[in-house]
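Below is one structure; the comments refer to it alone.
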């Protein structure tokens, strides 16, 4: 009989070990221990979340957090990784909710990662958009992402396209409706 047990590594990700056991009682005991460990890990996660709420920064109003996130987004906009600021939304459930509920955070579209630009368009809701794209090394996915952004013309606050004239003509001749 093959048995899989689950343990937790130092970073709280489950590790699985598969071995053969001929002792049904031991197998049952392992499963019960694994279940109890999972319950305890869940309890610890809840306690950590409750503890985090007591931190001074957790008392900042969402508007203040959004402003801080906006400064961080502006800072990383010109860096090698313009999406670096998104890490703030990975800090806690509360911070993620605040970031997702702030459409202006998502308005500076990043075309180096076309999948993200589409998601940012969605998350920006009706906020103003900044569309800056270097189309000198264009891929079909980047072209499509820029074309999709241009469909939101009335929302575009700033538009910068760097490209060969043929690329611009092709982009503008593509049906934008």
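The values are calculated or read from the model by the stated rules, or taken from the named source; none is laboratory data. Not measured: the values here are computed from a predicted model. Every residue, glycine among them, receives a Cβ derived from its backbone with ideal geometry; neighbour counts consider all protein chains shown.
Which of the following residues is part of a loop (DSSP other than H, G, I, E, B), closer than 18 Å to residue 114 by Cβ, at pLDDT below 95 and assigned by TED's automatic domain parsing to the domain that holds residue 113: 161, 176, 148? I'd like the intermediate steps shown before the answer.
On the way: 161 fails: part of a loop (DSSP other than H, G, I, E, B); 148 fails: part of a loop (DSSP other than H, G, I, E, B).
Unique residue meeting the criteria: 176.
What is the one condition in (1) at pLDDT 95 or above; (2) surrounded by fewer than 16 Cβ atoms within 10 Å (Cβ to Cβ) that residue 168 does not satisfy?
For residue 168, the failing item is (1).
If we scan segment 41-51, do we find a residue that is surrounded by 10 or more Cβ atoms within 10 Å (Cβ to Cβ), at pLDDT below 90 and part of a loop (DSSP other than H, G, I, E, B)?
Checked segment 41-51: no residue is surrounded by 10 or more Cβ atoms within 10 Å (Cβ to Cβ), at pLDDT below 90 and part of a loop (DSSP other than H, G, I, E, B).
For residue 124, all conditions in the list (1) at pLDDT 90 or above; (2) crowded, with 17+ Cβ neighbours inside 10 Å; (3) within 30 Å of residue 47 (Cβ to Cβ) hold save one; what is the number of the exception?
Tallying (1) at pLDDT 90 or above; (2) crowded, with 17+ Cβ neighbours inside 10 Å; (3) within 30 Å of residue 47 (Cβ to Cβ), residue 124 fails exactly one: (3).
Within segment 1-16, take every residue that is loosely packed, with under 10 Cβ neighbours inside 10 Å and farther than 30 Å from residue 92 by Cβ and give me the one that is modelled with the highest pLDDT.
My answer is 2.
With respect to residue 54, is the statement that it is in a loop (DSSP other than H, G, I, E, B) and either surrounded by 13 or more Cβ atoms within 10 Å (Cβ to Cβ) or without any contact (Cβ under 8 Å) to a residue 24 or more places away in the chain (or both) true? Steps first, answer last, please.
On the way: in a loop (DSSP other than H, G, I, E, B): yes; either surrounded by 13 or more Cβ atoms within 10 Å (Cβ to Cβ) or without any contact (Cβ under 8 Å) to a residue 24 or more places away in the chain (or both): yes.
The answer is yes for residue 54.
Going residue by residue through segment 125-137, is there one that turns out to be assigned to a helix (DSSP H, G or I), outside the structural domain of residue 73 (by TED's automatic domain parsing) and under 26 Å from residue 104 (Cα atoms)?
Taking segment 125-137 first, the residues assigned to a helix (DSSP H, G or I) are none.
No; the residues of segment 125-137 include none that is assigned to a helix (DSSP H, G or I), outside the structural domain of residue 73 (by TED's automatic domain parsing) and under 26 Å from residue 104 (Cα atoms).
Counting just the residues of segment 74-94 that are out of contact with any helix residue (DSSP H, G or I) (no Cβ under 6 Å at 6 or more places or on another chain) and in a helix (DSSP H, G or I), which one comes out modelled with the lowest pLDDT?
For segment 74-94, the residue satisfying everything is 77.
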